[in-house]
1. If I go through region 85-94 residue by residue, how many of them are assigned to a loop (DSSP other than H, G, I, E, B) and buried (at least 21 other Cβ atoms within 10 Å of the Cβ)?
2. Among the residues in region 251-264, are any open to solvent by 30 Å² or more (accessible area, probe 1.4 Å) and either among the acidic types (Asp, Glu) or over 22 Å from Ser162 (Cα atoms) (or both)?
3. Can you find a residue that is within 19 Å of Arg245 (Cα to Cα) and under 17 Å from the mean Cα position of the chain (by Cα) anywhere in region 90-97?
4. So, in region 112-122, how many residues would count as being crowded, with 21+ Cβ neighbours inside 10 Å and assigned to a loop (DSSP other than H, G, I, E, B)?
5. Spot the failing condition for Cys43; the list is (1) hydrophobic (A, V, I, L, M, F, W, C); (2) at pLDDT 80 or above; (3) open to solvent by less than 40 Å² (accessible area, probe 1.4 Å), and only one is missed.
6. Can you tell which of Gly154, Gly167 is surrounded by fewer than 21 Cβ atoms within 10 Å (Cβ to Cβ), at positive phi and of a type outside the set (A, V, I, L, M)?
7. Could you tell me which of the residues Tyr105, Tyr113 is aromatic (Phe, Trp, Tyr) and within 20 Å of Ile199 (Cα to Cα)?
8. All but one of (1) touching a Lys or Arg at 6+ places or on another chain (Cβ under 6 Å); (2) crowded, with 19+ Cβ neighbours inside 10 Å; (3) farther than 19 Å from Gly28 by Cβ hold for Thr148, so report the exception by its number.
Amino acid sequence: MGTAGGGGALRLAGLHGYAAEFSPYWPGRVACAAAQYYGIAGCGTLAVLEQNQAGIVLLRSFDWNDGLFDVTWSENNEHVLITSSGDGSLQIWDIAKPKGPLQVYKEHTQEVYSVDWSQTRGEQLVVSGSWDQTAKLWDPAVGKSLRTFKGHEGVIYSTIWSPHIPGCFASASGDQTLRIWDVKAPGVRLVIPAHQAEILSCDWCKYDENLLVTGAVDCSLKGWDLRNVRQPVFILLGHTYAVRRVKFSPFHATLLASCSYDFTVRFWDFAKPIPLLETVEHHTEFTCGLDLSLHKCGQVRDVTRTFHLSILTSSVKAGLQHSDLE
């Protein structure tokens with residue numbers, strides 16, 4: 001099923017990658033969400049891979065009857081993941097079991113493009129974002145959603161929990177807004193008209209509860225301080241096509257990474273006069289998925305639309321281990 005490449009790369013034939021996420025438990029282990037035929041038709045695959053001395057190996061794979069667009073690891077079980085699908089459903093998988101999924105939750109009426117498991121202590125909550133313009137709150141132990149969040153006027157591409165504030169998450173949408181929500185409060189907490197183009201990704205700074213970054217079809221990344229959203233606190237330019245994923249570093253407060261439909265992964269330090277630190281041009285297709293390792297400072301994983309998975313060590317002095325997916 002998989003073809004290993006040099007320098008920490010793997011290609012899975014017939015699959016197109018959409019998301020990659022490092023395990024919070026196992027260094028070098030990553031889960032990838034993928035689809036056939038660019039997610040337009042066909043099935044999806046959850047692939048769990050691991051890097052060892054020989055390269056990247058495929059540990060397990062699970063198939064679903066529609067494309068898979070995002071994946072998130074459980075925060076209380078090292079073997080459990082949740083994926084989101086083009087058929088409007090979420091799937092819970094246990095990679096220690098030979099078959100799956102364990103549970104399927106289907107309430108969204110269109111593609112589910114984003115899913116995230118809360119990292120704050122004491123919470124076992126999952127948020128999903130869909131093309132049906134809603135976000136939904138889930139407890140994986142409950143068979144139905146706990147709440148539906150409405151207000152976006154376009155596709156929701158990204159939902160991400162705050163790593164600081166319990167019950168708080170952000171969503172990014174094709175309606176050009178970034179929105180902040182509190183699961184205990186009615187309605188939306190904050191609406192930020194962040195770009196004059198569709199926003200495809202957002203992420204929360206691991207060191208500042210008020211700082212988020214957005215990436216959009218206008219090729220830019222923008223930083224937002226929730227205490228004053230009239231102007232972005234930084235704008236990062238350099239990509240030549242839409243920014244598909246943005247990720248803050250888990251090790252450094254001002255470092256972040258982005259991947260784009262321009263086939264590149266870029267590393268930035270928004271505190272520097274020249275913020276672009278490095279551009280990695282090892283893909284030949286849209287780079288859709290990106291994650292930074294929690295275990296190894298400097299390791300990055302990315303994945304592209306032709307499912308070319310790479311694990312790289314950035315030459316950035318501060319170090320970022322990342323995974324990207326083509």
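The values are calculated or read from the model by the stated rules, or taken from the named source; none is laboratory data. Keep in mind the model is a prediction, meaning the values are calculated, not measured. Cβ placement follows ideal geometry from the backbone for every residue including glycine, while neighbour counts extend to all protein chains displayed. Only protein heavy atoms, including side chains, enter the accessible area calculation; ligands, DNA and RNA are left aside. Shrake-Rupley method; radii C 1.70, N 1.55, O 1.52, S 1.80 Å.
1. Looking only at that region, the number is 1.
2. Yes, region 251-264 contains a residue that is open to solvent by 30 Å² or more (accessible area, probe 1.4 Å) and either among the acidic types (Asp, Glu) or over 22 Å from Ser162 (Cα atoms) (or both).
3. no
4. Qualifying residue count, region 112-122: 1.
5. Condition not satisfied by Cys43: (3).
6. Gly167
7. None of the others qualify; the one that does is Tyr113.
8. That leaves (2) as the condition not met.
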